[in-house]
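Input: one structure, supplied below.
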There are 2 protein chains.
Amino acid sequence: MKERIKDLYLIELLRLGARGKFIRVPTTFLSRVFGVSQQTASRVINLLHKGGLVDKDIINGVTCVKITEKGLERLRKLKRELEEAFNSPGVIEFEGKVFTGFGEGAYYVKKRAYRKQFFKILGFEPYPGTLNVKLEKKELIEKNRELRQMRGIKVLGFEDRFRTYGDVYVYRALIEDTLEGAIVYAERTHYDERVIEIISPYYLRRRLGLKDGDLIRFKVFLSQSL
Amino acid sequence: MKERIKDLYLIELLRLGARGKFIRVPTTFLSRVFGVSQQTASRVINLLHKGGLVDKDIINGVTCVKITEKGLERLRKLKRELEEAFNSPGVIEFEGKVFTGFGEGAYYVKKRAYRKQFFKILGFEPYPGTLNVKLEKKELIEKNRELRQMRGIKVLGFEDRFRTYGDVYVYRALIEDTLEGAIVYAERTHYDERVIEIISPYYLRRRLGLKDGDLIRFKVFLSQSL
DNA sequence: ATTACTAAAAAACGAGTAA
DNA sequence: TTTACTCGTTTTTTAGTAA
């Protein structure tokens, strides 16, 4: 079963009151709640149970379930996502701490082939370096992972006479609600999912008076609207 | 595609910012957001479009979508359901206006075979009549429809020498936060989905001083907890 | 009454590809 | 580049039924 679909079944169980206590739910009854056959209802409960999302017990031959803490956490996350999507659709707000990397980002951003595309896609020539931000909140690290999977806008890789440079992906961003910029993901095999690299036409450290350890906030735009 | 699953895709589109404006979403990009193939992403968008949940346009060969009002309404409903389920799991609160029916309910509730089962299941002998409540809020009528589909606790039908009496379904209820009772659904082919019938050990009209047109509130319990 | 196995049917999926 | 068709494969579902 697709992982996301489990959320839908968990919602129904929550509506039935399976939080904090076991509720008595014959699979024949659940089949009507879920809108599937009795057999599927049975399988669904067993799958949720295997996945650690519900506790299950059969009492007098009748299924009883209770959503586990793990299951509730999933539901809370879904609720949070839905609320955030309603409040600020298309935008993810990040915050993290500035730190100094190994100058790797700067090395790439200086490459002509990349710079040209940045200008074409983003409308600015980036300052020749990246601002490294270390995320600390668990949910933001999770969002960073998702963004990486989504990829965003592709910046094509290239090769010079020495080596190959892979594709890079960017999302537009707004730093401290004032300065335009973008976040950049390289398609490296090794990366730290707690880290986000920001590019911008400005030298952000000076412009914002930032030093290592300072908190920085920025918004990332998931799509180009029309 | 299962109807409920569309909600999950709509959530992703909302997260991307497809509210109030079109967003540019190549199906290759969506395939990563949705976690499916490009072909499936394409099919999903077309299905959502056919279902009137998103507006779709292909500009310069690239898909652009915007969630329709109908789609947003679905998402709002999901959000509301989730919030309600968290706030009062297992309970639905109703309110409606008392009215006088045709005494049909009373006729059934007086039948011995039903009364015995009511006592066994609910723990009380109902007053020989039902209190008819007319729902007025759209979302409560919708909830009533859902409850009817779920059926609840079955009370077996029977037959006497004249005719057959069908199965009946009940849910426990609490009237005006004080009096126990239950709501009853007969498996009739004709019924008014705006109406709920309440049974209770008490003659509710006298006990609560109700007359036609008075507002009554009650909570319905979706499942028997353990 | 239940739950849940098996086998067959139905639905969903994605690779290949045309436009 | 796109989108989205066909079609073979995989996955999911349910009817029948045993326990």
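Read-outs: derived from the displayed coordinates by stated rules, not from any lab. Worth saying up front: this structure is predicted, and the values here are computed from it rather than measured. FYI the Cβ positions are ideal-geometry reconstructions off the backbone, even for glycines, and counts take in every protein chain you see.
Can you list which of the trypsin sites (Lys or Arg not before Pro) found in the stretch A:127-194 are DSSP loop residues with at most 16 other C-beta atoms within 10 Å?
A:LYS137, A:ARG161, A:ARG163, A:ARG188, A:ARG194
If the only charges are +1 at each Lys and Arg Cβ and -1 at each Asp and Glu Cβ, what is the size of the charge dipole of the stretch A:67-226 around the Cα centre, to the nearest 20 debye?
380 debye
Could I ask something else about it? From the label point of B:GLU93, set 7 Å along Cα to the beta carbon, how far off in nm is each other copy's matching point, shortest first?
The projected label point of B:GLU93 is separated from its counterparts by 2.9 nm.
Taking A:LEU156 in one copy and the same position in all the others, each labelled 7 Å out along Cα→Cβ, what are the pairwise distances from the first, in nm, shortest first?
Between copies, matching label points for A:LEU156 lie 7.5 nm apart.
Pull out the extension gain between A:ARG115 and A:THR189, defined as 0.36 nm times the separation in residues minus the alpha carbon to alpha carbon distance; nm, one decimal.
24.4 nm
Additional query: Mean separation of Cα pairs under 8 Å and 6+ residues apart, divided by the residue count of chain A: what relative contact order is that in percent?
For chain A, the relative contact order is 19 percent.
Subtract the Cα-Cα distance of B:GLU125 and B:GLU83 from 0.36 nm times their separation in residues, and report this length gain in nm to one decimal.
The span from B:GLU125 to B:GLU83 would gain 11.6 nm if fully extended.
Sorting A:ARG74, B:ARG43 on the 10 Å Cβ count, fewest up front, what's the list?
Going from sparsest to densest Cβ surroundings: B:ARG43, A:ARG74.
Counting only chymotrypsin sites (Phe, Trp or Tyr not before Pro) that sit in a DSSP loop (anything but H, G, I, E, B) with at most 14 other Cβ atoms within 10 Å, what is the longest stretch of chain A containing none of them?
So the longest stretch without any such site is A:1-101.
Count charges around B:PHE34 for me, please; just the other residues with Cβ under 11 Å from its Cβ, Lys/Arg as +1, Asp/Glu as -1.
Around B:PHE34, the charge tally is +3.
In addition: By a straight-distance test (C-alpha under 14 Å), which aspartates and glutamates pair with A:LYS154 as possible cross-link partners, with residues fewer than eight away in the same chain excluded?
Those aspartates and glutamates meeting the cut-off are A:ASP167, A:GLU187.
Would you mind calculating the relative contact order of the stretch B:53-137 from Cα pairs under 8 angstrom and at least 6 residues apart, reporting the percent as a whole number?
24 percent
What ranking do A:ASP55, B:ASP177, A:ASP192 get, fewest neighbouring Cβ atoms within 10 angstrom at the top?
With the fewest neighbours first, A:ASP55, B:ASP177, A:ASP192 line up as B:ASP177, A:ASP192, A:ASP55.
Just to verify a number: FRET efficiency for B:ILE58 and B:ARG206, C-beta to C-beta distance, R0 = 51 Å, to 0.05?
0.15
Across 20 Å bins from the origin, how do the percents of Cα pairs in the protein assembly as shown run, short distances first?
21, 42, 25, 11, 1
A follow-up question, please. Run through the other copies and list how far each one's label point is from that of A:LYS70, in nm with one decimal, shortest first; the point sits 7 Å from Cα along Cα-Cβ.
A:LYS70 label point versus its equivalents elsewhere: 3.9 nm.
Also, I was wondering about something else. Translational D (Stokes-Einstein, µm²/s) of chain B at 4 °C and 1.567 mPa s when Rh comes from the Kirkwood sum over C-alpha pairs?
Stokes-Einstein gives a translational diffusion coefficient of 63 µm²/s.
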